[in-house]
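Step one of this worksheet: look at the structure below.
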2 protein chains.
Amino acid sequence: MPSRGSGGYKMVLVVRGELRLTPGKVAVQVAHAAVMLAREASRRRKAELDAWEAQGQKKIALLLPTLAEMEELEHRAKGMGILTVFVEDAGLTEVPPGTRTVLGLGPAKAEEVDRLTGTLPLL
Amino acid sequence: MPSRGSGGYKMVLVVRGELRLTPGKVAVQVAHAAVMLAREASRRRKAELDAWEAQGQKKIALLLPTLAEMEELEHRAKGMGILTVFVEDAGLTEVPPGTRTVLGLGPAKAEEVDRLTGTLPLL
């Protein structure tokens, strides 16, 4: 499955490191973002969604320390026409209600999204 | 958001503990399962999917040690008419290709899925 510069598509899920969520909480928040993006893409980016699914729905989870950095990344992604979602936690367990936990990007061309997130560490 | 005995819907993602995957890998595999279930539900269980989304798409990540236990759980869930998916990893990083990593169940009525998974530990 190509990831860079070859027409491959990927979805990127960026987790807010400063919250120090448990692994189970992180997994659920990342899954929220992925489902929200897939749903939104089925309405507005059907061609990208189909290509991404046909290629094995590649996903990658990355880390950014702060909300400010995530909002900056969201702004840049929107400027490139990439789908974005922010997951806001219901706040029943580890964080206050409405806390933004994960920023989801894509599905988008890997070469485009890598320009935004290629230097971020893996979750 | 009700979780037991009150008409609430949930999706359950059961992670295979014996693989000892990294948190990032687990998050991505759980997200695969959630997207696959949502997609399948949009074709075959639209009412359940709509109810689950309207309630905030509740998800929970649980742990089972072995593949044998996950397959037994899958069998029981299918017997109750609950949607199931197994995520098979592409095997590019931590495990051999085709390794089953996560079992996804639902969206289904919480009271039904809790009969199957209510005693499993959180991820």
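The values are calculated or read from the model by the stated rules, or taken from the named source; none is laboratory data. Not measured: the values here are computed from a predicted model. Reconstructed Cβ throughout: ideal geometry from the backbone, glycine too, with neighbour counts over all protein chains shown. Keep in mind that these areas ignore ligands, DNA and RNA; they rest on the heavy atoms of the full protein, side chains included. Shrake-Rupley method; radii C 1.70, N 1.55, O 1.52, S 1.80 Å.
A few points about this structure:
- Of the set (1) open to solvent by 40 Å² or more (accessible area, probe 1.4 Å); (2) in contact with a strand residue (DSSP E or B) (Cβ under 7 Å, 6 or more places away or on another chain); (3) farther than 16 Å from B:Gly8 by Cα, all apply to B:Leu73 but (1).
- Residues that are among the hydrophobic types (A, V, I, L, M, F, W, C), in contact (Cβ under 8 Å) with a residue 60 or more places away in the chain and at the interface with another protein chain (Cβ under 8 Å from one of its Cβ atoms) within the range A:12-35 comprise A:Leu13, A:Val15, A:Val26, A:Val30, A:Ala33, A:Ala34, listed in sequence order.
- Of all the residues in the range A:64-97, those that are over 18 Å from A:Arg115 (Cβ atoms) and either within 11 Å of the chain's Cα centre (by Cα) or not in a helix (DSSP H, G or I) (or both) number 15.
- Filter result for B:Ala61 (surrounded by 15 or more Cβ atoms within 10 Å (Cβ to Cβ), within 14 Å of the chain's Cα centre (by Cα) and part of a helix (DSSP H, G or I)): no
To keep it simple, each residue is scored yes or no on (1) at pLDDT below 95; (2) surrounded by fewer than 22 Cβ atoms within 10 Å (Cβ to Cβ).
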residue: A:Gly79; (1), (2): no, yes
residue: A:Phe86; (1), (2): no, yes
residue: A:Gly98; (1), (2): yes, yes
residue: A:Ala108; (1), (2): no, no
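- Of everything in the range B:1-11 that is away from chain A (no Cβ under 12 Å), part of a loop (DSSP other than H, G, I, E, B) and open to solvent by 30 Å² or more (accessible area, probe 1.4 Å), the residue that is modelled with the lowest pLDDT is B:Arg4.
- Considering the range B:36-57, the residues that are open to solvent by 50 Å² or more (accessible area, probe 1.4 Å) and assigned to a loop (DSSP other than H, G, I, E, B) include one that is farthest from the other protein chains (Cβ to nearest Cβ), namely B:Arg45.
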